[in-house]
1. Considering only 97, 81, 39, give the residue with the highest GNM mean-square fluctuation for the chain, with springs between Cα atoms whenever their separation is below 10 Å.
2. For the chain, with a Gaussian network of springs between Cα atoms less than 10 Å apart, report the residue from 90, 77, 19 with the top mean-square fluctuation.
3. Looking only at the chain, where both bridge partners belong to it, what percent of the DSSP beta bridges are antiparallel (to the nearest 5)?
4. 7 Å from Cα along Cα→Cβ at both residue 53 and residue 104: what's the point-to-point distance in nm?
5. Treating the angle as unsigned and between 0 and 90°, give the value, to the nearest 10°, between the Cα long axis of helix 33-45 and the longest Cα principal axis of the chain.
6. Using only alpha carbon pairs under 8 Å that are at least six residues apart, calculate the relative contact order of the chain and give it in whole percent.
7. Compute the acute angle (0 to 90°) between the alpha-carbon long axis of helix 60-72 and the principal axis of greatest extent of the alpha-carbon atoms of the chain; round to the nearest 10°.
8. So how tilted is helix 101-111 from the main axis of the chain? Cα-based, degrees 0 to 90, rounded to 10.
C-alpha cells in the first residue's frame with residue numbers, strides 16, 4: 001500500500017472569515033487568560049510563532065485546544081512550516097471588524 005503524502009495545503013486547517021464571526025464568539029475566546037496570553041505574545045512578537053515558542057502554563061493537549069478556539073474565533077491563522085504549526089495573529093482583519101479589541105488585550109497583558 002503506497003503512502004499518501006499530505007501537501008502543506010492539505011494540512012492547513014480551515015479559517016473562518018472574521019467578518020462572519022460574531023462578537024460573542026470572539027469575546028468567549030478571549031475570556032480565558034491562557035488564550036489572552038497567546039494573543040498578547042503573538043502581538044508582541046510581531047511575527048508568526050510556532051505553538052511551542054509560546055511558554056504556556058498548560059499541557060500540550062490543552063494548549064492545542066486553546067489554539068483551536070482562537071482559530072475558530074478568527075483571531076489567529078495557523079499553517080505549517082515543515083512539521084511546525086505556525087500561528088499568525090490576524091490583527092488587520094480583526095481590527096477592521098473590532099477596532100481596538102486587540103489593543104485592549106495587549107494593553108491588559110502588559111499591566112499584569
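What follows is calculated from the coordinates using simple rules that are stated; it is not laboratory data. Because the structure is a prediction, the values reported are computed rather than measured. A quick note on method: Cβ atoms are made from the backbone with ideal geometry, for glycine too, and the neighbour counts reach across all protein chains shown.
1. The residue with the greatest mean-square fluctuation here is 81.
2. 19
3. 100 percent
4. Label-label distance for residue 53 and residue 104, simple model: 2.8 nm.
5. Relative to the chain, helix 33-45 is tipped by roughly 80 degrees.
6. Numbers: 113 pairs, mean separation 38.0, N = 112.
The normalised contact order for the chain reaches 34 percent.
7. 70 degrees
8. Once rounded, one gets 80 degrees.
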